[in-house]
Structures are given as structure tokens and as C-alpha cells.
1. What residue, among those in the range 116-140 that are in contact with a Lys or Arg (Cβ under 6 Å, 6 or more places away or on another chain) and within 16 Å of the ligand (Cβ to nearest atom), is farthest from Asn55 (Cα to Cα)?
2. Could you tell me whether the range 29-46 includes any residue that is part of a strand (DSSP E or B), open to solvent by less than 10 Å² (accessible area, probe 1.4 Å), within 16 Å of the ligand (Cβ to nearest atom) and in contact (Cβ under 8 Å) with a residue 40 or more places away in the chain?
3. Looking at this structure, is Glu14 among the charged types (D, E, K, R), open to solvent by less than 50 Å² (accessible area, probe 1.4 Å) and modelled with pLDDT of 95 or more?
4. List pairs: first in the range 93-115 and under 13 Å from Leu40 (Cα atoms) and more than 16 Å from the ligand (Cβ to nearest atom), second open to solvent by less than 50 Å² (accessible area, probe 1.4 Å) and part of a loop (DSSP other than H, G, I, E, B), Cβ under 8 Å, 6+ apart or cross-chain?
5. If Asp88 meets every condition in (1) within 16 Å of the ligand (Cβ to nearest atom); (2) touching a residue at least 24 places away in the same chain (Cβ under 8 Å); (3) of a type in the set (D, E, K, R) apart from one, which number is that one?
6. Quickly run through the range 57-72 and pick out the residues that are open to solvent by 70 Å² or more (accessible area, probe 1.4 Å) and either within 14 Å of the ligand (Cβ to nearest atom) or in contact (Cβ under 8 Å) with a residue 12 or more places away in the chain (or both).
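The values are calculated or read from the model by the stated rules, or taken from the named source; none is laboratory data. Fair warning: this is a prediction, and the values are worked out from it, not measured in the lab. Glycine gets a Cβ as well: all are built from the backbone with ideal geometry, and neighbour counts include every protein chain shown. Side chains included, ligands, DNA and RNA excluded: accessible areas come from the protein's heavy atoms. Shrake-Rupley method; radii C 1.70, N 1.55, O 1.52, S 1.80 Å.
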Amino acid sequence: MKSFRKELFFNIPERMDLIDITSDVNTALKESGIKEGLCLVNAMHITASVFINDNESGLHHDYKKWLENLAPFNPSPTHYQHNRTGEDNADAHLKRQIMGREVVVAITEGKLDFGTWERIFYGEFDGKRRKRVLIKIIGE
Ligand code: ZN
């Protein structure tokens with residue numbers, strides 16, 4: 001069995017944004033030389049997500065609005081207990097939880113074995129700083 005590891009780096013200028021990283025994962029898959037196996041992609045931060053969905057701008061707008069309704073940005077320590085630590089990112093922890101930590105995609109004949117509209121996204125909820133995503137590919 002072969003194993004391949006790569007990190008992607010981000011420094012998103014917005015506090016919240018959703019970035020299509022499918023081409024980066026495809027590049028890693030080509031570099032790995034693995035034809036049959038599994039590909040794990042996970043955020044290495046507790047205020048960011050990796051998830052699979054549609055690359056449609058209206059949907060991305062809907063996600064941001066929905067997440068901001070669920071967990072609005074509010075640095076006040078009276079609004080979120082987590083912000084009593086001196087941080088201001090309680091909302092980002094909550095947004096990350098609902099959007100997920102990681103995805104696993106099957107690799108078949110050297111390709112990511114996606115459903116028709118599936119793409120992989122990095123979800124940033126506490127941006128304006130350098131962050132990482134891990135790609136781990138195992139197989140043959
Ligand atoms: Zn925090």
C-alpha cells in the first residue's frame with residue numbers, strides 16, 4: 001500500500017469564505033500516483049471546515065447567510081462564553097462544527113470518484129491568518 005501526504009495553505013482575506021479546492025486535491029492525487037484507494041481531506045483548525053457540495057454561487061451565498069443566522073459573529077463575552085477567553089471567534093467554532101471537519105473520497109482508476117455535482121470546499125470562518133488543510137491518500 002502506498003501513502004501520500006500534502007498540506008495546502010490558505011490566508012483568506014475575509015473572515016468567512018468558501019473556496020473550491022477540488023483542483024488542488026486532483027493535483028495531489030496525480031502527485032501520489034495512487035489509482036485505487038481513499039483520499040482524506042481535513043481542515044487542521046477548529047474554526048475551518050472541509051465539505052463537499054455544489055459549486056453554485058447562489059448556494060454559497062445561502063450557506064453564508066444561514067451560518068450567520070445560526071451563529072452570528074459577535075465578539076462580546078456576554079454573547080458567547082468562549083469569548084471570555086479573550087478570543088472573538090466563538091461563532092467560527094460553531095460554524096465549523098455544522099459544516100464538518102473532513103471528507104473522504106473514493107479513488108477509482110486514478111480519479112476522485114464523485115457524484116455528478118460534487119466538489120470539495122474549504123470553509124473559512126475565522127480568516128485573515130494562515131491556515132492549513134491536510135490531504136492524505138492511501139491505496140495502490
Ligand atoms: Zn476560539
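1. Only one residue tops the list, namely Gly127.
2. Looking for residues that are part of a strand (DSSP E or B), open to solvent by less than 10 Å² (accessible area, probe 1.4 Å), within 16 Å of the ligand (Cβ to nearest atom) and in contact (Cβ under 8 Å) with a residue 40 or more places away in the chain, one finds at least one in the range 29-46, hence yes.
3. no
4. Ile107/Ile34
5. (2)
6. Correct list: Leu70 only.
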